[in-house]
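Visitor: Let me give you the structure first, and then I'll get to my questions.
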Amino acid sequence: AFLVMASLPKEPLEDSKKQSFWMPGSYVRTVHRTDQSFQACNDIMACFMERAKVEKQYAQQLSQWSSKWKSIMDSHSELDHAKRGFHRLLQFSTMFESVLTHFSLVLVISF
């Protein structure tokens, strides 16, 4: 082990542009990376917030759609045989609406 250590060059292996952070003026690269990381985090947060907004809007649209068509279908007594299937569809949309609402909340709370 001593022979290997003795044969290593005494000069740093880094090139002169990548000096230690602690050298005067060498902190700029780290500061730049920190700024870029901060911007990347902001972009990711904005992406999740925008997605949460989309999910929330979609949930609201499903709720409006379901209410509209439930009242229309309920007004047609001649469609009694089809109402059961249609009500299942409306129940599914209501369940899906709650899933979307929950998902949008999770996205917001996660960040």
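The values are calculated or read from the model by the stated rules, or taken from the named source; none is laboratory data. Since this is a predicted model, take the numbers as computed values, not measurements. For neighbour counting, all protein chains shown are included, and Cβ atoms are generated from backbone atoms with ideal geometry for every residue, glycine included. With ligands, DNA and RNA removed, areas are computed over all heavy atoms of the protein, side chains included. Shrake-Rupley method; radii C 1.70, N 1.55, O 1.52, S 1.80 Å.
Visitor: Taking the range 75-93 only, how many residues are assigned to a helix (DSSP H, G or I) and either open to solvent by 70 Å² or more (accessible area, probe 1.4 Å) or closer than 19 Å to residue 53 by Cβ (or both)?
Guide: So the answer is 9.
Visitor: Moving on to the next point. Looking only at residues that are surrounded by 15 or more Cβ atoms within 10 Å (Cβ to Cβ) and touching a residue at least 40 places away in the same chain (Cβ under 8 Å) in the range 41-74, which one is nearest to the chain's Cα centre (by Cα)?
Guide: So the residue we want is 48.
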